[in-house]
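Contents: one structure, followed by commentary.
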């Protein structure tokens, strides 16, 4: 079942590669159909998912490398299913948004679909070796996307991104091999390995955990491992940051959740430090987002700030915190996707993305303005949006763990409010009078943005189903820690 | 003429080495005091002043020397007493050591001094036309004045310290004149080469002075000559001989003079043709009593003199430009003088020296016009020489003396200087906080009115965010010039430097010695 989900975009990529490059319209249609198929299929999986079970569902496994014990095994639980959905949804959004480009479409959509497949693989792999392979596989299409189709400094950005991620992955690989070596039993199966690793001594667990943390931390990104962030986000092709920030940043947090299930002692030992890093990243990202004039850079840093909140949720090690972290991941995926979508659309129309470029945007392109305002408010975590639910849960979890110290989240909300409101004030500026422009959001873009906003507000107003979905897995994970 | 009057005149006259120095200072003041010339006419108008000062001073020196000459000749004819040395006072004293300012007017210094002053005068007169409208006209006259002062000190000094002052003045001014056209790379490099090579001789001179001061108790020529202690005399003589050999460009120290022709022709005439190249021989003649005590050193002088004479003669035969040919002819003559000294014929050497100075000065000054005067190109080398290919090649290569001293002297010196400089740049400058070339740290973000916020919190936030931005810019791995890359490059640089240092024999030896020190 899951392997079918993975193969849909891959087949789509092959299909697109067969289409002549000059027929941009056809390529876009094929890409749209394929990604919508993947979305539909993942929605279908959602309907078949048993929300009351914390176990792995849709499990399938094939022999891959019997000598090492590596297997092709897939499966999802309540942590990964929302992320799968997020991936398929945001890919559709990217395809819908990238209909204005004309040249390089074949390469672009091919790489995008391969990327989607690789990300789905990361979220559904139940075997650490397979997980690692997919993890690295995401790099290849992204490298070419940035390097071939990116902005002016694309080469630098691509190199930065790949070097940082590879540097992290090396530690991850070493940690995985160490875990494979240290844990009795032969195989990379996540469940079995987790069982085995839990019995390891705390020091061994810590060694493995640090390796994994560096690998995951680069993707999240954790403070000090985020050097690639700004360049990659600002230089990538115009709508690729939707995937980068919306989905790929979640890969790190997701990996951390999996690692904490396997290495609970280590996680418990370092959770305090993780929380400190989370708070630093939160505030650091917030301050820098406030400092930017470049809207994309602003969203990039705000994304770092929000992932800091998610990390704080994971570091609480209790059910509320874990739930909050997963909801924050979903919410941030949606909101960051929406923000990057809007900024990309503005960049396409205004030719720039400086704070000055959006002065009086409301007069010229009211639809863009409305969606931008909604996205900014959602990123602040206004009640009624998904971010509020997430932050509330994390605050509850943090309060249970550290008491009033958890109030530091408030600072980050304050910071994000500062830059969001400043941006809104520029949008609404009436200093100059502008005429209404004819190229406001097109139908596809409107659809994509509306869907995202609808889900954000839907989760914010009716969080029940998602909470119920996540809660079982979160509670099960929290049991190992007892905070 | 009463003796008192004669003494008073001699005392007054004995400031004569200082006269050209004053003239040089005068030219300098005149130059500094005036704005740079804006037009050719204005520059033309200024030239005569400098030339006049220099010429006047030189003429005054010559007249004074001629007066003393007359007095000396008079003393021979009329039989009155003329003091051979004039004590003007104490030059300086340190502890027990007293260095008097004393000049010698004897049968050695008077003829040489007369010729030096005369050659300087005609050379300056020649240069007044020759260098007309050249860049650095005034500078040339100033430096020649300094040189003349130095030579007069060497010739008339009553002790080794005064002679050494003159020696150094002459060395510095020759450095300045070789590098006269300092915008040309060859000129400055050759000047540096000549200067560095000359420092070897200077070191010998200084060692000799130190030995004289410490073991002999004085630096007067008389005291040095009268000391009879074999070892001390030998060491002192060795130092002086080294100095003399370098200054007179004898084998194997002669390489610098071949490169010294970069200077303007009049300076070649006065330095290498006529005056300075003879300073070494003059010093040896002056030290006759000392040298007579060390016969083996005199044998060495014969050997070096003959080698120089033969090699320079062969080289001169193959030269195709007039200045080089004259230069090597000069060297072969000085080689003969050296050999004469070695044989003990000091008077002969002196006569040779005086005659040669005049003749060469004339030849060098005539050299620029030689083609017009003779009307034919340089003759090919003699048949017997060109038929012996190896000898001919060696002569053309000037017997590889130049490249040898390049390896032996120049390269170690510049290596040492480079090491010292990198030490300075990398460590000492950064520790002492000396200003350096601006570092390539990304400049803090300029004030951005769009971002800045009012209020204390806003300002604090702005300041904080600027700091974070600076940190952020260091985290990104950038293709161009970044912190990480610079750190890597710097580390690589250091490693390479250390590697290079260790490869050098001198540092290797130091390392080995340090190891021994640690072990012992």
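Quick grid of which residues meet (1) within 14 Å of residue A:83 (Cβ to Cβ); (2) buried (at least 24 other Cβ atoms within 10 Å of the Cβ); (3) more than 16 Å from the chain's Cα centre (by Cα):
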| residue | (1), (2), (3) |
| --- | --- |
| A:220 | yes, yes, no |
| A:225 | no, yes, yes |
| A:231 | no, yes, yes |
| A:237 | no, no, yes |
| A:241 | no, yes, no |
| A:245 | yes, yes, no |
| A:263 | no, yes, yes |
| A:267 | no, yes, yes |
| A:274 | no, no, yes |
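What is the residue count in segment A:342-378 for residues that are within 14 Å of chain B (Cβ to nearest Cβ) and touching a helix residue (DSSP H, G or I) at 6+ places or on another chain (Cβ under 7 Å)?
Looking only at that region, the number is 5.
Just one of the numbered conditions (1) within 26 Å of residue A:193 (Cβ to Cβ); (2) free of Cβ contacts under 8 Å to residues at least 40 places away in the same chain; (3) within 23 Å of the chain's Cα centre (by Cα) is not true of residue A:67; which one?
If we test residue A:67 against (1) within 26 Å of residue A:193 (Cβ to Cβ); (2) free of Cβ contacts under 8 Å to residues at least 40 places away in the same chain; (3) within 23 Å of the chain's Cα centre (by Cα), just (3) comes out false.
From (1) in contact with a strand residue (DSSP E or B) (Cβ under 9 Å, 6 or more places away or on another chain); (2) under 18 Å from residue B:288 (Cβ atoms), pick out the condition that doesn't hold for residue B:217.
All conditions are met except number (2).
Which number in (1) more than 23 Å from residue B:111 (Cα to Cα); (2) surrounded by fewer than 17 Cβ atoms within 10 Å (Cβ to Cβ); (3) within 24 Å of the chain's Cα centre (by Cα) marks the one condition that residue B:367 misses?
(2)
In the set B:461, B:471, B:475, which member is at pLDDT below 80, within 11 Å of another protein chain (Cβ to nearest Cβ) and surrounded by 13 or more Cβ atoms within 10 Å (Cβ to Cβ)?
Going through B:461, B:471, B:475 in turn, just one is at pLDDT below 80, within 11 Å of another protein chain (Cβ to nearest Cβ) and surrounded by 13 or more Cβ atoms within 10 Å (Cβ to Cβ): B:475.
Against the definition (more than 14 Å from chain B (Cβ to nearest Cβ), buried (at least 17 other Cβ atoms within 10 Å of the Cβ) and under 24 Å from residue A:74 (Cα atoms)), how does residue A:188 come out, yes or no?
Spelling it out, residue A:188 is indeed more than 14 Å from chain B (Cβ to nearest Cβ), buried (at least 17 other Cβ atoms within 10 Å of the Cβ) and under 24 Å from residue A:74 (Cα atoms).
From the list A:388, A:399, which one is closer than 21 Å to residue A:456 by Cβ and away from chain B (no Cβ under 14 Å)?
On the way: A:399 fails: closer than 21 Å to residue A:456 by Cβ.
Just one listed residue meets the conditions, A:388.
Restricting attention to segment A:456-470, and to residues there that are assigned to a helix (DSSP H, G or I) and touching a helix residue (DSSP H, G or I) at 6+ places or on another chain (Cβ under 6 Å), which single residue is nearest to residue A:402 (Cα to Cα)? Working first, answer last.
Going residue by residue through segment A:456-470, those that are assigned to a helix (DSSP H, G or I) are A:456-461, A:464-470.
Okay, now just the ones that are also touching a helix residue (DSSP H, G or I) at 6+ places or on another chain (Cβ under 6 Å), so A:456, A:459-460, A:466, A:470.
Numbers: A:456: 29, A:459: 27, A:460: 26, A:466: 26, A:470: 23 Å.
The extreme case among them is A:470.
Can we say residue A:404 is touching a helix residue (DSSP H, G or I) at 6+ places or on another chain (Cβ under 7 Å), more than 14 Å from chain B (Cβ to nearest Cβ) and free of Cβ contacts under 8 Å to residues at least 40 places away in the same chain?
The answer is no for residue A:404.
Determine whether residue A:222 is within 14 Å of chain B (Cβ to nearest Cβ), under 27 Å from residue A:323 (Cβ atoms) and either in contact (Cβ under 8 Å) with a residue 40 or more places away in the chain or assigned to a helix (DSSP H, G or I) (or both).
So residue A:222 fits the description; yes.
So, of the residues in segment B:444-454 that are more than 9 Å from chain A (Cβ to nearest Cβ) and touching a helix residue (DSSP H, G or I) at 6+ places or on another chain (Cβ under 9 Å), which turns out to be modelled with the highest pLDDT?
Only one residue tops the list, namely B:452.
Looking at A:287, A:276, which one is part of a helix (DSSP H, G or I) and either within 14 Å of chain B (Cβ to nearest Cβ) or in contact with a strand residue (DSSP E or B) (Cβ under 7 Å, 6 or more places away or on another chain) (or both)?
Step by step, each of A:287, A:276 is checked, and only A:287 is part of a helix (DSSP H, G or I) and either within 14 Å of chain B (Cβ to nearest Cβ) or in contact with a strand residue (DSSP E or B) (Cβ under 7 Å, 6 or more places away or on another chain) (or both).
One line per residue, one yes/no per condition, for (1) within 14 Å of chain B (Cβ to nearest Cβ); (2) in contact (Cβ under 8 Å) with a residue 60 or more places away in the chain; (3) farther than 23 Å from residue A:33 by Cα; (4) surrounded by 18 or more Cβ atoms within 10 Å (Cβ to Cβ):
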{"residue": "A:104", "(1), (2), (3), (4)": "no, no, no, no"}
{"residue": "A:109", "(1), (2), (3), (4)": "no, yes, no, yes"}
{"residue": "A:123", "(1), (2), (3), (4)": "no, yes, no, yes"}
{"residue": "A:150", "(1), (2), (3), (4)": "yes, yes, yes, yes"}
{"residue": "A:170", "(1), (2), (3), (4)": "no, no, yes, no"}
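Looking only at residues in segment B:19-46 that are assigned to a loop (DSSP other than H, G, I, E, B) and exposed (fewer than 10 other Cβ atoms within 10 Å of the Cβ), which one is modelled with the highest pLDDT?
So, considering only residues that are assigned to a loop (DSSP other than H, G, I, E, B) and exposed (fewer than 10 other Cβ atoms within 10 Å of the Cβ), the one modelled with the highest pLDDT is B:39.
Taking segment A:48-69, which residues are within 15 Å of residue A:124 (Cα to Cα) and not in a loop (DSSP other than H, G, I, E, B)?
Correct list: A:57, A:58, A:59, A:60, A:61, A:62.
The values are calculated or read from the model by the stated rules, or taken from the named source; none is laboratory data. In this text the structure is predicted, and so the values were computed from the model without any measurement. Cβ coordinates were reconstructed from backbone atoms using ideal geometry, including for glycine residues, and neighbour counts include every protein chain displayed.
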